[in-house]
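I have placed the structure first, in the form of C-alpha cells, so that the comments after it can refer back to it.
Quick note: the coordinates plus some simple rules give every number you see, no bench work behind them. Note that the structure is a prediction, hence the values are computed from the model and not measured. Don't worry about glycine lacking a Cβ; one is built from the backbone with ideal geometry, like all the others, and counts go over all protein chains shown.
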Amino acid sequence: MDLGLTGKVAIVTASSRGIGRAAAEMLAAEGARITMCARTTADVMTAAEQIRGRTGTDVLAVPADLTRAEDIQRIVDRTVETYGTVNILVNNAGGPAPGAFDAVGEADWRAAFEMTLLSVVRMTRAVLPCMRKGGGGVIINIQSTSVKVPLDNLILSNSIRSSVIGLAKSLSFELAKDGIRVNNVLPGAIMTDRQREMLALQSARSGKSVAEIIRLREAAIPLGRFGEPEDLGNMIAFLASERARYVTGVTVQVDGGLVRSLM
Ligand SMILES: NC(=O)c1ccc[n+]([C@@H]2O[C@H](COP(=O)([O-])OP(=O)(O)OC[C@H]3O[C@@H](n4cnc5c(N)ncnc54)[C@H](OP(=O)(O)O)[C@@H]3O)[C@@H](O)[C@H]2O)c1
C-alpha cells in the first residue's frame, strides 16, 4: 500500500532513540523528509546519519530541549529554512519522572507540565502557520496508556497526559476546517531505554529480577510480548498518511491488547 508520504515534511521530536526514532525511521522509509531532535547532540546527529544512510531521504538533526520555547521555535525555523514547509508533526517527548504523590514536589509538577503539555502546545502553535498556508497537515501526539488506565507510581504521567488528550480532541474540532487532522497514539509496554530504566526501578523496589518482572508483565499482555518501537512507528506512519485522511480526534493504543477497556 502506498502511504502517499513521499516528499512530505515531517518533524518528529525526541527522536534519537526509542519510539521517536522508530517513527522518524518509518516515515523516512516511506519517503518523507524528516527533522529529528533530542538534547544530546551526538546522539541525534548519529541517528540522523543512520536513517539517511538506510533510507536515502533528507534528514535534518536539530539538537534541542523541548522544555525550552526558543528551542522549539528553532526546530520549526530550521525545518522551514531547509524544506520550505511542515506537513506532519509527531509530538514525542521524554516521559515525566516516575513516583507516587508523596514523592513528587512542586518542581517535578512544573517540569512534567512543561515537558508533556506545554511542549505540545508550543510545537503545535509553531507549525500551524505553515500547515494552514499549505492547505492542511497532520499532528500526532505520543502519550501513554496511562490516559486509559492510570499506572502505579506514575502520578505525573497519569495526571498530565490526559490534558494532552483533551487538547488534541479540541484541536481536532478547531483545525478540521484547515484540513489539519489531530490524533493520539498510546504506547503500552514498549522495549526502549526508558522501559529498561523503569524495569530496573521496579526490580530495585520489589526485589524481583528484571527477567522475572518481564515474564510477569508479558503474561498480562494478550499478545504475549513487550512491543518493539517499530510497532509504534507503523501506526504513526499510517495515521500520518493519506490512507488515514478521514481519521481525526482519535486516541489509539498500541499495546498488544494490554488495556482491558471497551473504548
Ligand atoms: N517505552 C514505553 O513502554 C512507553 C510506554 C508509554 C509511554 N511512553 C512514552 O513515550 C515517550 C517516548 O518513550 P521512549 O520509551 O521511546 O523513550 P526513550 O527511549 O528514553 O527515548 C527518549 C527520547 O527523547 C529524547 N528526549 C528526552 N527528553 C527530551 C527533551 N527535554 N527534549 C528533547 N528530547 C528529549 C531523548 O534524547 P535526549 O535524552 O538526548 O534528549 C530520546 O531521544 C515518552 O514520553 C514515554 O514516557 C513510553
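General observations
- The aspartates and glutamates within cross-link reach of LYS148, meaning a Cα-to-Cα straight distance under 12 Å and a gap of 8 or more places when in the same chain, are ASP255.
- Cα-Cα separations in the range 10-76 greater than 20 Å, expressed as whole percent: 17 percent
- P(r) of the range 55-96 over all Cα-Cα pairs, binned every 5 Å from zero, in whole percent: 5, 19, 28, 27, 14, 5, 2
- Computed about the Cα centre, the dipole magnitude for the chain is approximately 400 debye when only Lys and Arg (+1) and Asp and Glu (-1) carry charge, each at its Cβ.
- For the chain, projected area of the alpha-carbon convex hull averaged over all directions, nm²: 13.9 nm²
- Farthest toward the positive end of the dipole of the range 84-240, out of LEU186, GLY224, GLY207, is the Cα of LEU186, where the dipole comes from beta carbon charges about the Cα centre.
- Rg and Dmax over the alpha-carbon atoms of the range 174-222 stand at 17.4, 54 Å.
- Computed over the chain, the per-residue total of -39500 (n - 2.57) for DSSP H runs of n ≥ 4 gives a 222 nm mean residue ellipticity of -14500 deg cm²/dmol, rounded to 500.
- Cross-link partners of LYS177 among lysines (Cα-Cα below 18 Å; sequence separation of 8 or more within a chain): LYS133, LYS169
- Volume per residue that the Cα convex hull of the range 38-129 spans, once the total is divided by residue count, Å³: 112 Å³
- In the range 157-263, the inverse of the mean reciprocal separation of distinct Cα atoms equals 15.7 Å; this is its Kirkwood hydrodynamic radius.
- 11 Å beta-carbon shell around ILE236, net charge (K/R +1, D/E -1): -4
- Partner aspartates and glutamates for LYS8 [C-alpha distance under 16 Å; skip if fewer than 8 residues away on the same chain]: GLU25, GLU30, ASP58, GLU81, GLU242
- Cα long-axis angle, helix 18-29 against the chain (0 to 90 degrees, to the nearest 10): 30 degrees
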